[in-house]
Structures are given as C-alpha cells and as structure tokens.
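The values are calculated or read from the model by the stated rules, or taken from the named source; none is laboratory data. This structure is a prediction, so every number in the text was calculated from the model and none was measured. Cβ atoms come from the backbone with ideal geometry, glycine included; neighbour counts cover every protein chain shown.
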Amino acid sequence: MGQSIKISDTEMDIVRREAEISSRSIASQVAHWMRIGRAIERSPQFTYAHIRDALEGRRSPDALTGEEQDVFVDAIMEAASKPTAEQDAFFEARRIAGHGVGADETTKIIKQVRKRKA
C-alpha cells in the first residue's frame, strides 16, 4: 500500500522537473533518488569529494565508482536544467535586438514580437 509524505513546494517542483526530464513518473523519480541515496550511504567506496572533484574538472568521471557516477550524472543534469547568467544575458541581448530567443517544444525558433508604436 502506498504512503503519503509531505515535502516543500520547492522540492516538489524539483521532483516534477527531474521526473519530466528523465521520462519518469514522480513516484519513480523519488524511488530512483532513494535508491541512489541508499547506495551512497551503504557504499564504503563512495566519497562525495570525488564527485565534486569530477564536477569541477579535477578528476575524470571515469575514475568514479558506479554509485559516484550516478550522482555525478544527476548533478550534471541538475546544472544543465537551469540557464547560466551568461545564457540569460545572451538571450536578453537577442530579445532587445529582435532576434530569435529560443525554441518551442516543436523546435521552431521563437522570436520576440516587437510592439509597434502608435
């Protein structure tokens, strides 16, 4: 029988976004993260410092254990799901210039429609 838990709206938004990116249901995403967390806690070879080093380019991801690689990939996906300040500035400059500012779900270029002065 399923059980309910309470989590913050912010955490739920993260679960929804990650579930969508990974083509999982919300329950499957939470279960996936639980398996990773459990593996981390049980693994004597797991060291988060190794993952941090790989994320910062000081260690090859190939040098990570399987459990560490799972967390590394999740961290990369999390970082890639949010635009950087440089990306925001780039697309803001394109908006101001009236150029394409992205793509819709069908990959068609989206352009900002300039309002005409009356």
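Looking only at helices (runs of 4 or more DSSP H) that lie completely in segment 20-118, which have at least 1 residues being closer than 27 Å to Ile7 by Cβ, at pLDDT below 85 and touching a helix residue (DSSP H, G or I) at 6+ places or on another chain (Cβ under 9 Å)? Don't jump to the end; show me each part of the working.
Details: elements: 26-42, 48-55, 66-80, 85-97.
So the answer is 26-42, 48-55, 66-80.
Any residue in segment 1-28 that is within 24 Å of Ile76 (Cβ to Cβ) sitting within a Cβ distance under 7 Å of a residue that is assigned to a loop (DSSP other than H, G, I, E, B)? List the pairs, counting only those 6 or more apart or interchain.
Arg17/Ser81; Ala19/Ser25; Ile21/Ser81
Filter segment 1-19 for residues that are assigned to a loop (DSSP other than H, G, I, E, B) and of a type in the set (Ser, Thr, Tyr); which is surrounded by the most Cβ atoms within 10 Å (Cβ to Cβ)?
Here is the first cut: in segment 1-19, the residues assigned to a loop (DSSP other than H, G, I, E, B) are 1-8.
Checking which are of a type in the set (Ser, Thr, Tyr) leaves us with 4, 8.
Values: Ser4: 4, Ser8: 8.
Looking at residues that are assigned to a loop (DSSP other than H, G, I, E, B) and of a type in the set (Ser, Thr, Tyr), I get Ser8.
Restricting to segment 1-52, give me the number of residues that are farther than 23 Å from Glu67 by Cα and of a type in the set (S, T, N, Q).
Residues meeting the conditions: 4.
Would you tally the residues in segment 52-72 being within 16 Å of the chain's Cα centre (by Cα) and in contact (Cβ under 8 Å) with a residue 12 or more places away in the chain?
Qualifying residue count for the region: 4.
For (1) surrounded by 14 or more Cβ atoms within 10 Å (Cβ to Cβ); (2) not hydroxyl-bearing (Ser, Thr, Tyr), each residue gets a yes or a no:
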position	(1), (2)
Ser22	no, no
Arg42	no, yes
Gln45	no, yes
Asp53	yes, yes
Arg59	yes, yes
Asp62	no, yes
Thr65	yes, no
Ala75	yes, yes
Gln87	no, yes
